[in-house]
Amino acid sequence: MGIPPRVHRSTSPPGAGRAPPPLQKEHLYKVLVIGDLGVGKTSIIRRYVHQTYSTNYRATIGVDFALKVLNWDSETVRLQLWDIAGQERFGNMTRVYYREAMGAFIVFDVTRPTTFEAVIKWKEDLDSKAMLANGSSIATVLLANKCDQSRDLTSNGTKMDQFCKDHGFVGWFETSAKVNIITASGFHQKFPSKLWAGLLMESKPTPTSHHPFQPQPNNTGATKTAIKM
């Protein structure tokens, strides 16, 4: 019987000699969602994050929290969405809620002109309480919600574009959580380019390991957040 051939086994670990894949950068951004009571802030967040919609949402008390993870080129972007109650602009807590925010949505209801009129006051309140390290305003996107019911306020796109330019918004979108126009219109693809233009050009990413805001579950299926005062 012949001598069996000797088997040579490599002692190098699998993948040895290969260049390691590039590490994917991760960023965490705190993004506010503000606007008058009943404009649909919670519904937009639920649709955007969880792809769900309900007519039984109760008015937000204080602030709720949700997390949306997006892959942006070679980076992972985590949006920490702060759903702030509509009546909070008249309280004393908004300065705490706005702290360290890097971007914001201001939402109005296209069927209620008074909520559009209030947008300017929300923006002024935001600009007075939240700013970047260099002193500039945070990137803010205007959302015209419930557009499945009316487009009277937004029918003139040129006028809306000028409104955004005049009041410091990086852009605007028509949305409807009810009929899923948030995603059907390509909002989830087009929106990031609007906000990132503000976030990435005007601010420095906040490392996830150093962010002071930690989510905590509540009994509604949403998430509450602990605020460090």
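What follows is calculated from the coordinates using simple rules that are stated; it is not laboratory data. Quick caveat: nothing in here was measured; it's all calculated off a predicted structure. A quick note on method: Cβ atoms are made from the backbone with ideal geometry, for glycine too, and the neighbour counts reach across all protein chains shown.
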Checklist entry - What are the aspartates and glutamates whose alpha-carbon lies under 19 Å from the alpha-carbon of Lys25, with same-chain residues fewer than 8 places away excluded? => result Asp73, Glu75, Glu202
Next on the checklist: Take the residue pairs Lys129/Lys178; Lys41/Lys123; Lys121/Lys146; Lys123/Lys146 and return only those whose Cα atoms are more than 26 Å apart.
Outcome noted: Lys129/Lys178
Checklist entry - FRET efficiency for Lys159 and Asp127, Cβ-Cβ distance as r, R0 = 22 Å, nearest 0.05? => result 0.50
